[in-house]
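Here is the structure we will look at.
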Amino acid sequence: DGGITQSPKYLFRKEGQNVTLSCEQNLNHDAMYWYRQDPGQGLRLIYYSQIVNDFQKGDIAEGYSVSREKKESFPLTVTSAQKNPTAFYLCASSGSGKETQYFGPGTRLLVL
Amino acid sequence: DQQVKQNSPSLSVQEGRISILNCDYTNSMFDYFLWYKKYPAEGPTFLISISSIKDKNEDGRFTVFLNKSAKHLSLHIVPSQPGDSAVYFCAASAPPGNTGKLIFGQGTTLQVKP
(Lines give C-alpha, C1' and ligand atoms only; values in the text may rest on other atoms or scores of the structure.)
Protein backbone atom coordinates (compact mmCIF):
# COMPACT_ATOMS: atom_id res chain seq x y z
CA ASP A 1 0.00 0.00 0.00
CA GLY A 2 1.13 3.58 -0.66
CA GLY A 3 2.86 5.78 1.82
CA ILE A 4 5.97 7.52 3.02
CA THR A 5 8.72 5.69 4.82
CA GLN A 6 11.53 7.17 6.83
CA SER A 7 14.54 5.37 8.18
CA PRO A 8 15.98 4.88 10.63
CA LYS A 9 13.49 5.58 13.40
CA TYR A 10 16.33 6.63 15.71
CA LEU A 11 19.74 7.90 14.68
CA PHE A 12 22.76 8.80 16.75
CA ARG A 13 25.35 11.27 15.60
CA LYS A 14 28.82 11.77 16.96
CA GLU A 15 30.41 15.19 17.04
CA GLY A 16 31.77 16.21 13.64
CA GLN A 17 29.94 13.45 11.83
CA ASN A 18 27.60 13.75 8.85
CA VAL A 19 24.49 11.56 8.93
CA THR A 20 21.88 10.91 6.27
CA LEU A 21 18.17 10.43 6.88
CA SER A 22 16.21 8.46 4.32
CA CYS A 23 12.78 9.36 2.93
CA GLU A 24 10.99 7.29 0.31
CA GLN A 25 7.47 7.65 -1.08
CA ASN A 26 5.44 5.50 -3.46
CA LEU A 27 2.55 7.93 -3.81
CA ASN A 28 3.82 9.22 -7.16
CA HIS A 29 4.01 12.69 -5.62
CA ASP A 30 6.09 15.35 -7.33
CA ALA A 31 6.87 17.47 -4.27
CA MET A 32 8.76 16.41 -1.17
CA TYR A 33 9.66 18.30 2.01
CA TRP A 34 11.84 18.06 5.09
CA TYR A 35 10.78 19.57 8.41
CA ARG A 36 12.32 19.72 11.82
CA GLN A 37 10.29 19.67 15.04
CA ASP A 38 11.71 20.80 18.36
CA PRO A 39 9.89 20.39 21.69
CA GLY A 40 7.04 22.88 22.09
CA GLN A 41 7.50 24.23 18.60
CA GLY A 42 5.81 23.79 15.28
CA LEU A 43 7.30 22.27 12.17
CA ARG A 44 10.00 24.31 10.48
CA LEU A 45 10.83 23.78 6.83
CA ILE A 46 14.41 22.76 6.04
CA TYR A 47 14.37 22.00 2.32
CA TYR A 48 11.78 21.21 -0.30
CA SER A 49 11.73 19.86 -3.83
CA GLN A 50 8.93 20.37 -6.32
CA ILE A 51 10.45 18.20 -9.03
CA VAL A 52 13.28 15.76 -9.62
CA ASN A 53 16.75 17.32 -9.78
CA ASP A 54 15.52 20.56 -8.25
CA PHE A 55 15.24 21.72 -4.64
CA GLN A 56 15.04 24.94 -2.64
CA LYS A 57 16.09 26.04 0.80
CA GLY A 58 13.44 26.40 3.44
CA ASP A 59 13.55 28.59 6.53
CA ILE A 60 16.34 26.73 8.36
CA ALA A 61 18.55 25.16 5.67
CA GLU A 62 21.94 25.99 7.23
CA GLY A 63 23.85 22.84 8.17
CA TYR A 64 21.72 20.58 5.99
CA SER A 65 21.92 19.30 2.42
CA VAL A 66 19.56 17.31 0.19
CA SER A 67 19.41 15.61 -3.18
CA ARG A 68 16.52 14.64 -5.44
CA GLU A 69 17.85 12.22 -8.01
CA LYS A 70 14.70 10.12 -8.09
CA LYS A 71 11.05 11.05 -7.76
CA GLU A 72 10.58 8.55 -4.93
CA SER A 73 13.54 9.59 -2.79
CA PHE A 74 14.57 12.76 -0.95
CA PRO A 75 17.42 12.06 1.49
CA LEU A 76 18.50 14.68 4.02
CA THR A 77 22.10 14.96 5.23
CA VAL A 78 22.72 16.61 8.58
CA THR A 79 26.25 17.93 8.32
CA SER A 80 28.76 18.70 11.04
CA ALA A 81 27.99 22.39 10.43
CA GLN A 82 24.58 21.91 12.08
CA LYS A 83 25.41 22.78 15.67
CA ASN A 84 22.10 21.79 17.22
CA PRO A 85 20.93 18.72 15.31
CA THR A 86 18.96 17.01 18.07
CA ALA A 87 15.34 17.07 16.88
CA PHE A 88 12.54 15.05 15.34
CA TYR A 89 12.82 15.10 11.54
CA LEU A 90 9.75 14.71 9.36
CA CYS A 91 9.53 14.10 5.64
CA ALA A 92 6.39 14.89 3.67
CA SER A 93 5.15 14.77 0.10
CA SER A 94 2.33 16.27 -1.92
CA GLY A 95 0.86 15.95 -5.38
CA SER A 96 1.57 18.53 -8.05
CA GLY A 97 -0.31 21.76 -7.35
CA LYS A 98 -1.90 20.37 -4.18
CA GLU A 99 -1.36 21.88 -0.77
CA THR A 100 -2.14 18.84 1.38
CA GLN A 101 1.08 17.22 2.51
CA TYR A 102 1.31 13.68 3.81
CA PHE A 103 3.93 12.86 6.38
CA GLY A 104 6.19 9.96 7.15
CA PRO A 105 6.62 8.54 10.67
CA GLY A 106 9.71 10.63 11.44
CA THR A 107 13.32 10.08 12.52
CA ARG A 108 14.60 11.15 15.91
CA LEU A 109 18.21 12.31 15.75
CA LEU A 110 20.26 12.35 18.92
CA VAL A 111 23.81 13.54 19.46
CA LEU A 112 26.23 11.36 21.43
CA ASP B 1 8.03 36.56 12.68
CA GLN B 2 5.37 33.96 13.49
CA GLN B 3 2.86 34.15 10.66
CA VAL B 4 0.68 31.36 12.05
CA LYS B 5 0.00 31.32 15.77
CA GLN B 6 -1.71 28.91 18.10
CA ASN B 7 -1.81 30.86 21.32
CA SER B 8 -3.10 28.07 23.54
CA PRO B 9 -0.39 25.48 24.20
CA SER B 10 -2.88 23.08 25.76
CA LEU B 11 -6.58 22.37 26.14
CA SER B 12 -8.40 19.90 28.36
CA VAL B 13 -12.02 18.84 27.78
CA GLN B 14 -14.35 16.16 29.03
CA GLU B 15 -15.27 13.24 26.81
CA GLY B 16 -18.45 13.96 24.84
CA ARG B 17 -18.05 17.74 25.03
CA ILE B 18 -16.88 20.08 22.29
CA SER B 19 -13.20 20.83 21.73
CA ILE B 20 -12.37 24.16 20.09
CA LEU B 21 -8.84 24.76 18.89
CA ASN B 22 -7.88 28.19 17.63
CA CYS B 23 -5.38 29.54 15.16
CA ASP B 24 -4.53 33.09 14.07
CA TYR B 25 -2.56 34.23 11.07
CA THR B 26 -1.10 37.52 9.94
CA ASN B 27 -0.67 37.15 6.18
CA SER B 28 -3.84 38.01 4.27
CA MET B 29 -2.40 36.31 1.17
CA PHE B 30 -2.79 32.83 2.68
CA ASP B 31 -5.41 31.04 0.62
CA TYR B 32 -5.57 27.53 2.04
CA PHE B 33 -5.56 26.25 5.60
CA LEU B 34 -5.11 22.79 7.03
CA TRP B 35 -5.32 21.03 10.38
CA TYR B 36 -3.08 18.13 11.30
CA LYS B 37 -3.18 15.79 14.27
CA LYS B 38 0.01 14.37 15.75
CA TYR B 39 0.68 11.65 18.29
CA PRO B 40 4.07 11.55 20.09
CA ALA B 41 6.92 10.10 18.02
CA GLU B 42 4.72 9.86 14.92
CA GLY B 43 4.27 11.96 11.81
CA PRO B 44 1.30 14.36 11.59
CA THR B 45 -1.84 13.07 9.92
CA PHE B 46 -4.03 15.30 7.80
CA LEU B 47 -7.44 16.04 9.33
CA ILE B 48 -9.31 18.67 7.41
CA SER B 49 -8.70 21.72 5.25
CA ILE B 50 -10.46 24.83 4.05
CA SER B 51 -10.03 27.16 1.13
CA SER B 52 -10.15 30.91 1.68
CA ILE B 53 -13.24 31.12 -0.52
CA LYS B 54 -15.22 29.22 2.13
CA ASP B 55 -16.00 29.96 5.74
CA LYS B 56 -16.83 26.44 6.89
CA ASN B 57 -15.91 22.87 6.07
CA GLU B 58 -17.22 19.82 7.83
CA ASP B 59 -16.06 16.21 7.92
CA GLY B 60 -17.77 13.95 10.42
CA ARG B 61 -16.97 15.12 13.94
CA PHE B 62 -14.54 17.77 12.67
CA THR B 63 -15.52 21.24 11.47
CA VAL B 64 -13.17 24.04 10.52
CA PHE B 65 -14.36 27.65 10.54
CA LEU B 66 -12.54 30.48 8.79
CA ASN B 67 -13.02 34.16 9.62
CA LYS B 68 -10.97 36.03 7.01
CA SER B 69 -11.67 39.49 8.39
CA ALA B 70 -10.29 38.45 11.77
CA LYS B 71 -7.58 36.26 10.21
CA HIS B 72 -8.72 33.45 12.48
CA LEU B 73 -9.62 29.83 12.05
CA SER B 74 -10.85 27.25 14.48
CA LEU B 75 -11.27 23.49 14.60
CA HIS B 76 -14.32 22.10 16.38
CA ILE B 77 -14.44 18.47 17.46
CA VAL B 78 -17.86 17.23 18.50
CA PRO B 79 -18.19 15.00 20.43
CA SER B 80 -14.66 14.76 21.77
CA GLN B 81 -13.29 11.27 22.37
CA PRO B 82 -10.26 10.11 24.40
CA GLY B 83 -8.61 9.01 21.15
CA ASP B 84 -8.61 12.64 20.04
CA SER B 85 -5.94 13.39 22.64
CA ALA B 86 -2.97 14.57 20.59
CA VAL B 87 -1.17 17.69 19.41
CA TYR B 88 -3.06 19.65 16.77
CA PHE B 89 -1.26 21.88 14.28
CA CYS B 90 -2.82 24.42 11.98
CA ALA B 91 -0.99 25.27 8.78
CA ALA B 92 -1.38 27.83 6.04
CA SER B 93 -0.43 27.67 2.41
CA ALA B 94 2.27 30.19 1.61
CA PRO B 95 1.51 33.12 -0.68
CA PRO B 96 1.66 32.67 -4.46
CA GLY B 97 5.17 32.01 -5.71
CA ASN B 98 5.89 29.44 -3.03
CA THR B 99 3.70 26.64 -4.25
CA GLY B 100 3.30 23.82 -1.79
CA LYS B 101 5.02 25.41 1.15
CA LEU B 102 3.12 25.25 4.40
CA ILE B 103 3.66 27.42 7.45
CA PHE B 104 2.77 25.72 10.72
CA GLY B 105 1.63 27.01 14.07
CA GLN B 106 3.28 25.88 17.29
CA GLY B 107 0.62 23.30 18.07
CA THR B 108 -2.01 22.83 20.79
CA THR B 109 -2.02 19.73 22.96
CA LEU B 110 -5.56 18.45 23.44
CA GLN B 111 -6.39 16.16 26.32
CA VAL B 112 -9.81 14.53 26.35
CA LYS B 113 -10.65 13.11 29.76
CA PRO B 114 -12.90 10.04 30.07
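What percentage of all Cα-Cα pairs in the protein assembly as shown are separated by more than 26 Å?
37
Note the buried accessible area between B and A here, summed over both chains, with a 1.4 Å probe, in Å² to the nearest 100.
By this definition, chains B and A bury close to 1600 Å².
Normalised by the residues of the stretch A:50-112, what does the relative contact order come to in percent, with Cα pairs under 8 Å and at least six apart?
Over the stretch A:50-112, the number comes to 24 percent.
Please state the charge dipole magnitude for the stretch A:50-111, taken about the Cα centre, from unit charges on C-beta atoms (+1 on K and R, -1 on D and E), reported in debye and rounded to the nearest 20.
It works out to roughly 120 debye.
Distance cut-off 27 Å, Cα to Cα: go down the list B:K54/B:K113; A:K98/B:K71; B:K37/B:K101; A:K9/B:K71; A:K57/B:K38; A:K98/B:K56 and report the pairs above it.
Check vs 27 Å cut-off fails for B:K54/B:K113; A:K9/B:K71.
Given a cut-off of 23 Å, what percent of all Cα-Cα pairs of the stretch A:1-89 lie beyond it?
Tail of the P(r) past 23 Å holds 20 percent of the pairs.
Mean separation of Cα pairs under 8 Å and 6+ residues apart, divided by the residue count of chain B: what relative contact order is that in percent?
Reported relative contact order: 36 percent.
Might you work out the accessible area of B:Y39 for me, using a 1.4 Å probe with all protein chains in place, and round it to the nearest 10 Å²?
Looks like 80 Å² after rounding.
Considering all alpha-carbon pairs of chain B, what whole percent are spaced by more than 24 angstrom?
Result for the distance tail: 20 percent.
What is the percent carbon and sulfur in the accessible area of chain B, measuring with a 1.4 Å probe over the protein chains and ignoring ligands?
C and S fraction of accessible area: 49 percent.
Hey, can you list the residues from the stretch B:36-64 whose accessible area shrinks by 10 Å² or more with all protein chains present, relative to the chain by itself (probe 1.4 Å, no ligands or nucleic acids)?
The answer is B:Y36, B:K38, B:A41, B:E42, B:G43, B:P44, B:F46 - residues whose exposure falls by at least 10 Å² when every protein chain is included.
Counting only heavy atoms of the protein chains, get the accessible area per residue of the stretch B:1-89 (1.4 Å probe) and round it to a whole Å² value.
50
Would you mind telling me the share, in percent, of accessible area of chain A contributed by carbon and sulfur at probe 1.4 angstrom?
Solvent-exposed carbon and sulfur of chain A make up 47 percent of the total.
Where q = 0.19 Å⁻¹, what log10 of I(q)/I(0) comes from the Debye formula for the stretch A:56-111, counting one point per Cα?
-0.82
If you scale each eigenvalue of the Cα gyration tensor by 5 and take the root, what three semi-axes come out for the stretch B:1-66, rounded to whole angstrom and sorted largest first?
Taking √(5λ) for each Cα gyration eigenvalue gives 21, 16, 13 Å.
With springs connecting C-alpha atoms under 10 Å apart, model chain A as a Gaussian network and identify which of A:P85, A:P39, A:P75 has the largest mean-square fluctuation.
Result: A:P39 has the largest fluctuation of those listed.
With a probe of 1.4 Å, find how much accessible area the stretch A:11-112 has per residue, and write the answer as a whole number in Å². Don't jump to the answer; show the numbers that get you there.
On the way: 4680 Å² over 102 residues.
Computed with neighbouring chains in place, this is 46 Å² per residue.
Compute accessible area for the stretch A:85-111 by itself and then with all protein chains, 1.4 Å probe, and report residues whose area falls by 40 Å² or more.
When all protein chains are present, A:E99, A:T100, A:Q101, A:F103 each give up 40 Å² or more of accessible surface.
In whole angstrom, note down how far apart the Cα centers of the stretch B:17-58 and the stretch A:33-112 are.
For the stretch B:17-58 versus the stretch A:33-112, the Cα centre distance is 21 Å.
Just going by the charge dipole of chain A, with Lys and Arg at +1 and Asp and Glu at -1 on Cβ, which of A:A87, A:S49, A:T5 is farthest out on the positive end?
A:A87
The values are calculated or read from the model by the stated rules, or taken from the named source; none is laboratory data. Just so you know, these numbers come straight off a predicted model, no measurement behind them. Positions of Cβ are backbone-derived with ideal geometry, glycine not excepted, and every protein chain shown enters the neighbour counts. To get the accessible areas, we keep the full protein, side chains included, count just its heavy atoms, and leave off ligands, DNA and RNA. Shrake-Rupley method; radii C 1.70, N 1.55, O 1.52, S 1.80 Å.
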